[in-house]
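K.L.:
One structure, pasted below without further comment.
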Amino acid sequence: MPGLAALDRLAETTAAAGVRVAVRWIGAPRPLPPDIDLSAFRLVQESVTNVVRHSGADRCTVTVDHRDPEALALAVEDLGPTPGRERERSGGGSGYGLPGMRERVGLLHGDFTAGPRPDGGFRVTARLPLPTGVTPA
């Protein structure tokens with residue numbers, strides 16, 4: 001099953017689709033329970049897919065933040081299309097998109113936000129609580 005360790009591979013395949021993905025790791029990585037690791041990866045994967053299909057942006061940033069000992073924080077942001085370098089939007093989609101991400105985070109008792117950035121583009125964030133005893137590696 002994929003987890004956050006597969007983010008570099010996701011970034012590579014997304015680059016082949018025309019969107020560069022910068023992955024930022026903040027804090028000391030720690031082992032995650034399998035359900036949280038898989039859910040975190042799926043949230044990032046769906047968010048990046050939305051950038052490719054709907055934003056017209058040519059790049060996005062994924063942030064994985066391990067600093068909070070009680071939760072894993074994720075953010076996927078794009079700045080919108082770069083003037084003069086807009087990509088074709090493929091539109092469509094067969095996934096569950098934002099409602100599916102919101103439901104996945106809710107099942108883990110986490111917090112989820114998604115919406116336009118004040119300066120353009122779009123941001124998805126999630127905070128996934130960790131069970132007690134999960135400590136940095």
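Values in this text are rule-based calculations from the coordinates and carry no lab data. All values derive from a computational prediction rather than experimental measurement. Every residue, glycine as well, gets a Cβ built from its backbone with ideal geometry; the counts of neighbours run over all protein chains shown.
K.L.:
Say each of Asp8 and Thr63 gets a label point 7 Å from the Cα, pointing the same way as Cα to Cβ; how far apart are those two points in nm?
P.N.:
2.3
K.L.:
Would you mind counting up the charge near Val62? Only other residues with Cβ under 14 Å from its Cβ, with Lys and Arg at +1 and Asp and Glu at -1. Let's see the in-between values first.
P.N.:
Details: positive: Arg9, Arg20, Arg24, Arg42, Arg59, Arg123; negative: Asp8, Glu12, Glu46, Asp65, Glu77, Asp78.
Taking every other residue near Val62 into account, the sum is 0.
K.L.:
Sticking with this structure for a sec: In percent, how large is the relative contact order of the chain, given Cα pairs closer than 8 Å and 6 or more residues apart? Don't jump to the answer; show the numbers that get you there.
P.N.:
Values: 261 pairs, mean separation 36.6, N = 137.
Relative contact order for the chain comes out at 27 percent.
K.L.:
Here's a follow-up. Using bins 10 angstrom wide from zero, how does P(r) for the chain break down, in % of all Cα pairs?
P.N.:
12, 44, 33, 10, 1
K.L.:
Take Met1, project a point 7 Å from its Cα along the Cβ direction, then tell me which residues of segment 41-55 have their backbone nitrogen under 19 Å from it.
P.N.:
Correct set: 41-47.
K.L.:
Can I ask one more? Roughly how large, in nm² to one decimal, is the mean projection of the convex hull of the alpha-carbon atoms in segment 1-74?
P.N.:
Working: hull surface 18.8 nm².
Taking a quarter of the hull surface, the average projection is 4.7 nm².
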